[in-house]
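Asks: Take this structure, written in structure tokens, and hold onto it; I'll ask about it next.
The values are calculated or read from the model by the stated rules, or taken from the named source; none is laboratory data. What you see is a predicted model, and the numbers here were worked out from it, not measured in a lab. Every residue, glycine as well, gets a Cβ built from its backbone with ideal geometry; the counts of neighbours run over all protein chains shown.
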Amino acid sequence: MRINVVGLHLEVTDPIRQHAEKKAGKLDKFNDLTQQIDIKFWKENSAQENFTVEVVVDVINHHDFIAKADGHDLYLVIDDAINKVSRQLNDHREKLKIEHRA
């Protein structure tokens, strides 16, 4: 599984990259589904300290799963977006299990 961390008009520091990769690494439990994870973050306004994070998970035989979150603390926003996409992947995996039973 490949993890890309990209800051749009922001510098990606090592602590931010490590935090994002650590949190995205928890999506490893969906390893049978995921191929690549892209984490993009940016500031909505240069005057405000409001960050937006978008997590895109490339999944085999399905459209990409996309989750967005925004807030003032970049670390918490990354956590929130990863949690959202984790729920989406879990729901998809459960749906596949039900389809295989029928």
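Asks: Please find, within segment 53-76, the residue that is farthest from Trp42 (Cα to Cα) out of those that are touching a Ser or Thr at 6+ places or on another chain (Cβ under 7 Å) and among the hydrophobic types (A, V, I, L, M, F, W, C).
Replies: Val59
Asks: Let me ask something else. Looking only at segment 1-21, count how many residues are touching a residue at least 24 places away in the same chain (Cβ under 8 Å) and either over 13 Å from the mean Cα position of the chain (by Cα) or surrounded by 13 or more Cβ atoms within 10 Å (Cβ to Cβ) (or both).
Replies: Adding up the residues that qualify gives 12.
Asks: What residue, among those in segment 14-58 that are within 18 Å of Gly71 (Cβ to Cβ) and hydroxyl-bearing (Ser, Thr, Tyr), is modelled with the highest pLDDT?
Replies: The extreme case among them is Thr52.
Asks: Same structure again: Suppose we keep only residues that are surrounded by 14 or more Cβ atoms within 10 Å (Cβ to Cβ), under 20 Å from Arg17 (Cβ atoms) and not aliphatic (A, V, I, L, M) within segment 65-83. Which one would you say is farthest from the chain's Cα centre (by Cα)?
Replies: For segment 65-83, the residue satisfying everything is Gly71.
Asks: Looking at His62 and the list (1) surrounded by 15 or more Cβ atoms within 10 Å (Cβ to Cβ); (2) closer than 14 Å to Asp91 by Cβ; (3) not small (Gly, Ala, Ser), which single condition is not satisfied?
Replies: Of everything listed in (1) surrounded by 15 or more Cβ atoms within 10 Å (Cβ to Cβ); (2) closer than 14 Å to Asp91 by Cβ; (3) not small (Gly, Ala, Ser), His62 misses just condition (1).
Asks: Please determine whether any residue of segment 59-71 is under 27 Å from His9 (Cβ atoms) and in contact (Cβ under 8 Å) with a residue 40 or more places away in the chain.
Replies: No: segment 59-71 contains no residue that is under 27 Å from His9 (Cβ atoms) and in contact (Cβ under 8 Å) with a residue 40 or more places away in the chain.
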